[in-house]
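Participant: Below you'll find the structure I mean.
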Amino acid sequence: MNKAIKISEEIAKEAKLVAKVTRRSMAGQIEYWAFIGKIAEDNPDLSFSVIKDILLGREQLKEGLGTEYIFGEGD
């Protein structure tokens, strides 16, 4: 379900600019920021780069491009 929301002109301009670089729509860029922001709020000890690495790793596993790390093996 799509929902119209009001955002500041400043955020809209920045989202439009970044969206071009990341090849997303403006709405897609704002949704991405909200998604990452929610994860960051839920996990305040994680840096942005760690969050990105975790998300990338999860997608790689879903696509069969990696192997799951099992703690204690290979030590």
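Participant: Taking segment 12-31 on its own, how many of its residues are without any contact (Cβ under 8 Å) to a residue 12 or more places away in the chain, under 20 Å from Met1 (Cβ atoms) and either among the aliphatic types (A, V, I, L, M) or touching a Ser or Thr at 6+ places or on another chain (Cβ under 8 Å) (or both)?
Facilitator: Residues that pass the stated criteria total 1.
Participant: If we only count helices (runs of 4 or more DSSP H) wholly inside the chain, which ones have 3 or more residues that are surrounded by 11 or more Cβ atoms within 10 Å (Cβ to Cβ) and over 16 Å from the mean Cα position of the chain (by Cα)?
Facilitator: Because the criterion is at least 3 residues that are surrounded by 11 or more Cβ atoms within 10 Å (Cβ to Cβ) and over 16 Å from the mean Cα position of the chain (by Cα), the helices (runs of 4 or more DSSP H) in the chain that meet it are 9-22.
Participant: Which is of a type in the set (A, V, I, L, M) and in contact with a helix residue (DSSP H, G or I) (Cβ under 7 Å, 6 or more places away or on another chain), of Ile30, Ile70? Lay out the reasoning, then the answer.
Facilitator: On the way: Ile70 fails: in contact with a helix residue (DSSP H, G or I) (Cβ under 7 Å, 6 or more places away or on another chain).
Only one candidate passes the filter, namely Ile30.
Values quoted throughout were computed directly from the atomic coordinates according to the rules given, and no laboratory measurement underlies them. Note that the structure is a prediction, hence the values are computed from the model and not measured. No Cβ is skipped: glycine too gets one built from the backbone with ideal geometry, and neighbour counts run over all protein chains shown.
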